[in-house]
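Before any comments, here is the structure.
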Amino acid sequence: MSRTKTLSALTLTLGLVAACGSDDASSSSSDGAFVSFAGSACKGGSANGGALTAEEAYAGLQCVRWKTLDGGKLKVDLLNFEGGCGAQWKGQATELDGGLELRLVNPGCMLAACGSCIYDWSFEVRAKGGADLPISIVTDPCPGEQTPDTDSATIPLGATPEGELCRYADHGALGWQAMSLSSCGKAYMPCRVKGGMCDPSGGEPECDTGLTCADGASATEKVCHAPCKVDGDCQPSGTMKCDAGLCRPAKPW
């Protein structure tokens, strides 16, 4: 993955039914920084009944959200992060080099052969406020057997006690989800591109009415964007901005 992240204070709706295998996440204490962890099941597949845990505007975005709590605690929500389908994720939190490591571990190395999934994860940790907090997000699908993926971000606690940073979610994982939930062509989801995971087999347009297909995180990752004239036309407000007539992430990391 090797990208950087940051999230705001929305309570995630967790405990979805897994699309493939068991994705029941649980907590795993590590050191004094850890308080609690919760996670969603795989957010794709007919077993979900088409329901997503996030608002439609966030469905194709990957975000890090934070909120300071009483008693020196901090809530960090990771929205729409990719991982192997069928994993049983456990959360760990450790103070590390003046920052914080948030680690997602699949200790049983359980992975179903159904592609990539998208998950929501939520940590509550003890952290000192009033200063920027570097965080590392480590996804370890099989300890000792596979190389973990690591992302990094800096939560600007010195500037604001709560907020979020969002970017385009992983395009490949979104493709799996979009096919499962018939959400190709929707806002910030993959365009219906011939030869891609969202192939318009029935001759459907690239995007739903009112949306425009354009580059996402790269020129080869086409995403459906809402048109705009000013930042105020873009939702979520403050998270998206108007860039050359299309709503795009305002603070990608």
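Some points to look at:
- Test: residue in region 160-176 that is closer than 21 Å to R65 by Cα, surrounded by fewer than 16 Cβ atoms within 10 Å (Cβ to Cβ) and in contact (Cβ under 8 Å) with a residue 12 or more places away in the chain: yes
- Qualifying residue in region 188-196 (condition: aliphatic (A, V, I, L, M) and over 27 Å from G86 (Cβ atoms)): yes
- Considering region 177-220, and only residues there that are part of a loop (DSSP other than H, G, I, E, B) and of a type in the set (V, I, T), the residue that is surrounded by the fewest Cβ atoms within 10 Å (Cβ to Cβ) turns out to be T209.
- Top-ranked residue in region 134-150 [being surrounded by fewer than 23 Cβ atoms within 10 Å (Cβ to Cβ) and touching a residue at least 60 places away in the same chain (Cβ under 8 Å); ranked as nearest to R65 (Cα to Cα)]: T150
- Here the condition is being over 11 Å from V125 (Cα atoms), at pLDDT below 85, hydrophobic (A, V, I, L, M, F, W, C) and surrounded by fewer than 22 Cβ atoms within 10 Å (Cβ to Cβ); of A38, A25, A47, A19, it holds for A47 alone.
Here is a yes/no grid of residues against (1) in the same structural domain as A57 (by TED's automatic domain parsing); (2) under 15 Å from the mean Cα position of the chain (by Cα):
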site	(1), (2)
D132	yes, no
T139	yes, yes
C142	yes, no
A173	no, yes
M189	no, yes
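The values are calculated or read from the model by the stated rules, or taken from the named source; none is laboratory data. Fair warning: this is a prediction, and the values are worked out from it, not measured in the lab. All Cβ positions, even for glycine, are placed from backbone atoms using ideal geometry, and neighbour counts span all protein chains on display.
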